[in-house]
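Heads up, the thing below is written out as structure tokens.
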């Protein structure tokens with residue numbers, strides 16, 4: 001069995017030697033270059049564009065403005081298509097925009113023979129605007145009289161949902177309750193993947209062929225069809241190796257525009273490669289969300305009733321929209337279970353900031369910071385150990401969610417907590433650090449996390465795959481779930497090997513997804529890859545194995561139910577006698593003059609289940625109060641993601657999530673000029689991305705509880721580790737200093753203001 005082993009990544013050699021080919025490596029050097037002119041105001045209408053000077057520049061082939069593109073709105077979110085019009089994504093994008101809604105909106109493009117001419121052409125455009133008032137804060141945007149960003153959305157509210165479990169107003173009347181209240185806030189951040197978004201397009205055989213660094217090739221094909229007014233099958237989308245995405249590439253970014261540019265130059269090859277500055281602002285960002293949480297608890301610590309209001313900054317366009325804050329709202333009532341009532345209202349609001357989209361963990365890092373900070377604050381008010389307070393109120397074993405039907409089968413949280421607190425020596429240090437004095441202090445903090453696996457029943461969950469056996473007994477796997485750097489192809493190969501009964505080395509994963517040849521799937525997001533694809537791989541792998549065994553029965557004359565395929569050898573189950581190597585069987589089948597057959601299997605498996613993933617994070621920090629500096633000393637993430645398919649890859653995933661949590665917790669924030677709406681730090685010099693200097697040794701531990709709904713016992717892994725880090729750091733600072741920091745990032749500027757306010761400076 002290769003599942004459960006830390007086998008070497010199937011793409012390791014290509015990537016470390018530089019042989020791996022990414023989108024830019026594949027584009028022919030003859031490609032025309034597309035450059036975008038971005039708006040220089042935060043809100044307004046384009047009145048005119050003088051393109052005459054740009055058109056005179058040698059090498060400029062064509063200039064396309066917002067006045068030239070079709071008025072055909074389309075959505076961009078990487079969501080499965082819904083047959084219910086009411087559940088379809090908001091179609092509020094045009095290829096280029098006359099009504100600009102943030103500083104950096106797409107207004108015009110220059111297509112040229114080379115980079116220099118294209119850049120010169122963009123600089124030569126003269127654009128006249130009618131400027132409108134703008135608004136950057138979501139709660140300000142909700143007020144009557146605020147600038148309206150989309151006419152059809154009153155008070156700029158894209159969506160508002162809420163729920164109430166029990167009767168909140170009655171519950172809070174219970175005598176003797178203690179009220180704890182706080183506001184918590186997370187900022188706009190960007191994904192900062194290594195490879196910027198890039199795509200190129202040309203016409204071939206009556207199709208628009210687009211090669212793109214995207215997480216979601218089949219979904220982007222559909223969106224391009226909608227945007228270009230083409231049948232979806234008239235678009236071919238190819239995804240090669242991709243240099244990271246983290247959710248930014250779970251949107252159709254510039255593929256539709258690139259396809260349109262190709263059409264406008266007679267089908268010639270056109271390449272659109274955005275700069276880092278453009279990626280920061282004109283791709284997607286993480287939703288900044290502000291939370292108001294009220295907790296009513298009994299003096300013994302039991303939560304009786306809680307109330308949360310959430311205000312999510314959507315930016316200028318809908319993109320993934322309300323799903324992010326709505327997922328956080330769902331987490332609020334599940335990670336902790338109130339005795340009597342829970343009430344939530346969540347709002348998603350348009351502002352004149354960059355469009356917010358999917359980002360690793362899809363709203364849970366934001367709500368985790370708020371929830372875990374509020375629980376720590378409640379513990380301080382109640383005078384109860386915060387760890388014990390969590391254990392008293394967190395989701396119990398046997399809990400079942402009425403909507404998703406998810407069940408908590410195991411005592412995962414307590415199992416994870418036990419490992420984390422032992423590593424950090426939490427109980428001793430938490431007590432020891434509680435009442436320190438002096439300029440340099442230490443603290444420990446922790447946070448727990450909850451995460452769903454995949455998106456059922458919110459949206460479609462299905463996976464299709466194809467397996468084809470070669471003459472030598474090896475197997476080609478074609479699957480739509482995409483490798484985006486996380487190691488998915490390796491895990492898929494391991495699952496195929498065990499299902500079919502062949503050596504791991506005999507599985508060849510076709511890593512390039514091509515919508516003309518790859519079976520349909522919705523690809524990489526929502527920590528769905530291993531869980532969802534596992535169903536399809538098990539189903540199709542079993543079909544393929546059965547075909548092989550039937551042919552083996554024909555060749556050997558033995559009943560099929562007495563045969564098995566183990567490590568690429570046809571055997572008799574009862575005696576373990578080796579009857580025939582698979583390569584001989586496969587070759588015989590293909591070239592038989594009596595009964596020729598190629599072994600292949602293909603199909604779609606729909607998944608109508610979900611699974612809870614749990615864990616926790618613990619940190620130890622040192623706080624230099626005069627310098628307003630926090631140094632991370634120790635950090636551990638403990639995760640129950642079910643059975644580990646590849647422990648080494650799992651550990652790497654967790655380390656990446658922990659690193660990302662450090663970044664958004666302590667440094668990352670995209671800033672805007674309040675007078676102009678202009679981004680102030682849209683580059684890696686001014687945007688504080690954490691480095692190795694900001695990291696302690698990262699420790700990853702696991703609890704392996706075999707998930708009963710999963711064919712391989714696995715569940716969400718890639719996204720959850722990004723959730724507990726920031727609140728654990730916040731709570732460690734509180735333990736060290738007694739000062740609660742209710743916003744991220746917890747930079748020296750923020751610490752200075754709070755330390756001064758609390759009298760430490």
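The values are calculated or read from the model by the stated rules, or taken from the named source; none is laboratory data. Since this is a predicted model, take the numbers as computed values, not measurements. Cβ sites come from the backbone with ideal geometry, for glycine too, and all protein chains shown count toward neighbours.
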Q. Which one of 734, 760, 751 is within 30 Å of residue 439 (Cβ to Cβ), modelled with pLDDT of 95 or more and surrounded by fewer than 19 Cβ atoms within 10 Å (Cβ to Cβ)?
A. 760
Q: Give the residue, chosen from 442, 428, that is in contact with a helix residue (DSSP H, G or I) (Cβ under 9 Å, 6 or more places away or on another chain), surrounded by fewer than 23 Cβ atoms within 10 Å (Cβ to Cβ) and either at pLDDT 95 or above or within 27 Å of residue 586 (Cα to Cα) (or both).
A: 442
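Within the group 533, 586, 524, 601, which residue is at negative phi and out of contact with any strand residue (DSSP E or B) (no Cβ under 6 Å at 6 or more places or on another chain)?
None of the others qualify; the one that does is 524.
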Q. Which one of these is within 26 Å of residue 371 (Cα to Cα), at pLDDT 95 or above and over 29 Å from the mean Cα position of the chain (by Cα): 145, 121, 162, 166?
A. 166
Q) Does residue 533 meet the test of being at pLDDT 95 or above, assigned to a helix (DSSP H, G or I), under 26 Å from residue 650 (Cα atoms) and under 26 Å from the mean Cα position of the chain (by Cα)? A) yes
Q. Assuming residue 86 fulfils every condition listed in (1) without any contact (Cβ under 8 Å) to a residue 12 or more places away in the chain; (2) not assigned by TED's automatic domain parsing to the domain that holds residue 259 apart from one, which condition is it?
A. (2)
Q. In segment 322-365, what residues are more than 17 Å from the chain's Cα centre (by Cα), closer than 21 Å to residue 671 by Cα and outside any strand (DSSP E or B)?
A. 351, 352, 353, 354
Q: Answer yes if at least one residue in segment 663-673 is farther than 15 Å from residue 733 by Cβ and part of a helix (DSSP H, G or I), and no otherwise.
A: yes
(Q) residue 129 - would you say it is in a strand (DSSP E or B), surrounded by 14 or more Cβ atoms within 10 Å (Cβ to Cβ) and more than 35 Å from the chain's Cα centre (by Cα)? (A) yes
Q) Has segment 140-155 got at least one residue that is surrounded by 17 or more Cβ atoms within 10 Å (Cβ to Cβ), in contact with a helix residue (DSSP H, G or I) (Cβ under 9 Å, 6 or more places away or on another chain) and on the phi > 0 side of the Ramachandran plot? A) no
Q: For segment 688-703, name all the residues that are over 29 Å from residue 410 (Cα atoms) and part of a strand (DSSP E or B).
A: none
(Q) I'm checking my understanding of the structure. Among residues of segment 567-583 that are in contact with a strand residue (DSSP E or B) (Cβ under 9 Å, 6 or more places away or on another chain) and touching a residue at least 60 places away in the same chain (Cβ under 8 Å), which one is nearest to residue 506 (Cα to Cα)? (A) 568
Q. Which residues, counting only those in segment 570-588, are surrounded by 19 or more Cβ atoms within 10 Å (Cβ to Cβ) and more than 12 Å from residue 551 (Cβ to Cβ)?
A. 571
Q) If you scan segment 508-527, which residues turn out to be surrounded by fewer than 24 Cβ atoms within 10 Å (Cβ to Cβ) and more than 22 Å from residue 210 (Cβ to Cβ)? A) 508, 509
Q) Taking into account only those residues within segment 386-403 that are farther than 28 Å from residue 431 by Cβ and touching a helix residue (DSSP H, G or I) at 6+ places or on another chain (Cβ under 8 Å), which is surrounded by the most Cβ atoms within 10 Å (Cβ to Cβ)? A) 401
(Q) For the condition buried (at least 16 other Cβ atoms within 10 Å of the Cβ) and in contact with a helix residue (DSSP H, G or I) (Cβ under 9 Å, 6 or more places away or on another chain), what is the one hit in 35, 8? (A) 35
